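Here is the structure we will look at.
The values are calculated or read from the model by the stated rules, or taken from the named source; none is laboratory data. Computed from a predicted structure; not experimentally measured. Cβ atoms come from the backbone with ideal geometry, glycine included; neighbour counts cover every protein chain shown. Just so you know, the surface numbers come from the protein's heavy atoms only, side chains and all, with ligands and any DNA or RNA stripped out. Shrake-Rupley method; radii C 1.70, N 1.55, O 1.52, S 1.80 Å.
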Amino acid sequence: MKAAICYETGKPLVVEDGVTVESPGKGEVKVRVAVTAVCHSDLHFISGEIPSPLPGLPGHETAGYVDEVGEGVTTLKKGDTVVIGTVGSGCGQCYYCTIGARHFCVERGAFMKPKHKNKKGEPLTLMAGPVGGFAEYTTVPHELVTRVPEDMPLDRACLLACGVTSGFGAVVNRARVKAMSSVAVIGAGGVGLNSIQGAAFSGAYPVIAVDVLDSKLETARAFGATHTVNAKKEKDSVKAVMDMTSGRGADYVFVTVGKVAAIRQGFSMCGAMGMTVVVGLAQGDLQAITPMEFVFTEKILTGCGGGSVRTSIDIPYLVSLYQSGKLKLDELITGHYPLARINEAIASLEKGEALRNIITFD
Ligand SMILES: [Zn+2]
Ligand SMILES: [Zn+2]
């Protein structure tokens, strides 16, 4: 089969034939990949910002068809249409699974074994759970695989694997935004737009989008933002958010851009007793937050990875929201590219021209 392999950081991927993947073992499922969206985490993997041994096989927002099931898998069968999540539904037995936080399942590290080999027989490192989405076939633990209805378009479904759930889940699962509360979202990209639609869905008002591009702020309005702040044109974005929230600051702030300065800014525009949630993967140390700020405001600063997703609950729920017209997915897709043109899809995301580009497999 063919796959797009990263041999050297910062270089285009190599589309190679003769790649192999193991047959599914106990508890595993082999999936024929139909589509994989390109996400910013793939760019971080390819650029080396997420350090990883090479050669590697990126791609993790994947949907396709069950090809073969391993021993003990009873919930899936050949031909099922599925999304492969990056977060498993958990072992169901450990401390975290028992308290309902399956995204912290202690077994999740066990999922990281490489299953693919390149044409020379070298193992390929995978990213973000063992997805291996830039290959025609992949073999993954069944916990990562969620069946979706046959009439759910797979190029939409694959977005639920990571980008949509990261943004939406930070709002509904991590922060549990209350109706009639105020929300600010820094960054109106692929993840931020989903925090915005999650906030609107939760009944927040105002929903303030903060970005440096007017075009992105316009899209943010279509996703449910009621107010916008252009952080480049506005002299003081913190003050702008204060003014939009009766001088108090937002009850919840979601920082979806990967910059430490944005986290500091987000914490400043959050009101007393509010919560700031770090969603974007920023490198570097956080700029000083004084202990006084915590003591006298009771603000909470926390983070959220992968939307604290409850895979088996959230993915079917988001599918039903999409199918009833309450979740925007079509608007997140910029273009479709066959595997042979994957480097064009990556370059367009890098340049900021795309929200999500979809790699298609025949
Ligand atoms: Zn992703
Ligand atoms: Zn567990």
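Computed from point charges on the beta carbon alone (+1 for Lys and Arg, -1 for Asp and Glu), the dipole magnitude for the chain about its Cα centre is near 520 Debye.
The solvent-accessible area of T219, taken with every protein chain present and a 1.4 Å probe, is close to 50 Å².
So what's Rg/Rh here for the range 36-88, counting alpha carbon atoms and using the Kirkwood radius for Rh? Could the numbers behind the result be given before it?
Values: Rg = 14.3 Å, Rh = 13.1 Å.
Radius of gyration over Kirkwood radius for the range 36-88 works out to 1.09.
Could you work out the per residue convex hull volume over the alpha carbons of the range 218-263, in cubic angstrom?
Working: hull volume 4.5 nm³, N = 46.
Convex hull volume per residue, Cα atoms: 98 Å³.
For the range 143-193, the residue among A170, G190, M180 whose Cα projects farthest onto the positive side of the dipole built from Cβ charges is M180. Volume of the convex hull of the range 194-247 (Cα atoms only), normalised per residue: 62 Å³. Basic side chains Lys and Arg get +1 at the Cβ, acidic Asp and Glu get -1 at the Cβ, and with that the dipole of the range 14-117 about its Cα centre reaches some 300 debye.
Computed from the mean reciprocal separation of all distinct C-alpha pairs, what Kirkwood hydrodynamic radius does the range 119-238 have, in Å? Please report the intermediate quantities before stating the final value.
Working: mean 1/r = 0.0609 Å⁻¹.
Taking the inverse mean of 1/r over all distinct Cα pairs, the range 119-238 comes out at 16.4 Å.
With both bridge residues required to lie in the chain, what share of the DSSP beta bridges run antiparallel, to the nearest 5%?
Numbers: 32 of 60 bridges.
Percent antiparallel among DSSP bridges in the chain is about 55.
Check the straight Cα-Cα distances from K259 and name the lysines below 16 Å, setting aside those fewer than 8 residues away within the same chain. Counting by Cα, and skipping residues close in sequence, K259 has these lysines nearby: K232.
With the whole protein complex present, M242 retains an accessible surface near 40 Å², based on a 1.4 Å probe. When the P(r) is computed for the range 207-362, the part past 28 Å accounts for 33% of the Cα-Cα pairs. The sum of -39500 (n - 2.57) across all DSSP H runs of n ≥ 4, divided by the residue count of the chain, sets its helix-only mean residue ellipticity at 222 nm to -6500 deg cm²/dmol. From the Kirkwood radius over Cα pairs of the range 166-207, Stokes-Einstein at 37 °C and 0.692 mPa s returns a whole-number translational diffusion coefficient of 341 µm²/s. Rounded to the nearest angstrom and listed largest first, the equivalent-ellipsoid semi-axes of the range 1-97 from its Cα gyration tensor are 27, 18, 12. Spin-label model, S348 to K235: label points 7 Å out along the Cα-to-beta-carbon direction sit 4.1 nm apart.
Annotation: M244 carries an accessible surface of approximately 60 Å², with a 1.4 Å probe and no ligand, DNA or RNA atoms counted. Ellipsoid semi-axes for the range 62-128, based on the Cα gyration tensor and the rule √(5λ), read 24, 18, 11 Å when sorted largest first.
Here is the tail figure for the range 311-362: Cα pairs spaced more than 19 Å apart come to 45 percent of all pairs.
More than 23 Å apart: what percent of Cα pairs in the range 184-283 qualify? Intermediate results must be reported in sequence, preceding the final value.
Numbers: 538 of 4950 pairs.
The share of Cα pairs beyond 23 Å in the range 184-283 comes to 11 percent.
Overall, the range 192-305 carries a charge dipole of about 140 debye about its Cα centre when +1 sits on the Cβ of Lys and Arg and -1 on the Cβ of Asp and Glu, all other atoms neutral. The string of couplings for the range 272-284 from the Karplus curve (6.51, -1.76, 1.60, θ = phi - 60°) is 3, 6, x, 10, 10, 10, 7, 10, x, 8, 9, 9, x Hz, one whole number per residue in order, with x for Gly and Pro.
Legend: Rg and Dmax of the chain, from Cα coordinates, 20.3, 63 Å. Based on the convex hull around the alpha carbon atoms, the range 21-156 presents an average projected area of 8.4 nm². Amide H contacts of G271 (H built 1.01 Å from N, in plane; Pro and chain starts excluded): A250, D251 sit under 5 Å, all sequence-distant by 5 or more or on other chains. Taking amide H atoms as placed 1.01 Å from N in the peptide plane, the amide H of L126 lies under 5 Å from those of L57, each 5 or more residues away in sequence or on another chain.
Tell me which of T86, G133, C97 sits at the most positive position along the dipole axis of the range 1-156, charges placed on C-beta atoms (Lys, Arg +1; Asp, Glu -1). The one lying farthest along the dipole's positive direction is C97. Relative to its Kirkwood radius, the Cα radius of gyration of the range 12-65 gives an Rg/Rh of 0.99.
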